[in-house]
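Participant: One structure follows; several queries about it will come next.
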Amino acid sequence: MIKFFLMVNKQGQTRLSRYYEHVEINKRTVLEAEVIKNCLSRSKDQCSFIEYKDFKLVYRQYAALFVVVGINETENEMAVYELIHNFVEVLDKYFSRVSELDVSFSVSEIHL
């Protein structure tokens, strides 16, 4: 099961967040900061799957954007990795080459 979906820029600023389980606002801030730090600090040679606390992180980088999905332990990482790619392809078609500004101002219209 997907716990959350984040889109983050290289500076670590969250551009889009969607939670599928209730998480208090103050805990979201801490969670996002830790998740972003873990993903952005990894090199391109390292695996895009990270075990973090009681769930896994699956992330992918597209230019200046990172897409991070938090999943439970039983979810298939490769399926989520492909889901991220398909999501970005849809955004590319919708925006004719998605950018950070598109995500910041227009993705709120798309329901995840």
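The values are calculated or read from the model by the stated rules, or taken from the named source; none is laboratory data. Bear in mind the structure is a predicted one, so any value in this text is a computation, not a measurement. Please note: Cβ atoms are built from the backbone with ideal geometry, for glycine as well, and neighbour counts cover all protein chains shown. All accessible areas refer to the heavy atoms of the entire protein, side chains included, with ligands and DNA or RNA removed. Shrake-Rupley method; radii C 1.70, N 1.55, O 1.52, S 1.80 Å.
Participant: Accessible area per residue for the chain in Å², computed with a 1.4 Å probe and the full protein assembly in place, what is it? Can you show the working numbers first?
Facilitator: On the way: 6910 Å² over 112 residues.
Accessible surface, normalised per residue, equals 62 Å².
Participant: Next question. Straight-line reach from LYS10: which lysines have Cα under 17 Å away, leaving out those fewer than 8 places along the same chain?
Facilitator: LYS37, LYS44
Participant: Of the accessible area of segment 2-111, with the probe set at 1.4 angstrom, what percent is carbon plus sulfur?
Facilitator: Ligands and nucleic acids excluded, carbon and sulfur give 51 percent.
Participant: Separation between the ASN72 and VAL30 pseudo-spin-labels, each 7 Å from Cα along Cα→Cβ, expressed in nm?
Facilitator: Result: 2.3 nm between the two label points.
Participant: Rounded to the nearest 10 degrees, what's the angle between the helix 77-95 long axis and the longest principal axis of the chain, both from Cα atoms, 0 to 90?
Facilitator: 20
Participant: Something else: May I ask for the angle, rounded to the nearest 10°, between helix 25-40 and the longest principal axis of the chain, with both axes built from Cα atoms and the value confined to 0 to 90°?
Facilitator: That helix lies at roughly 80 degrees to the long axis.
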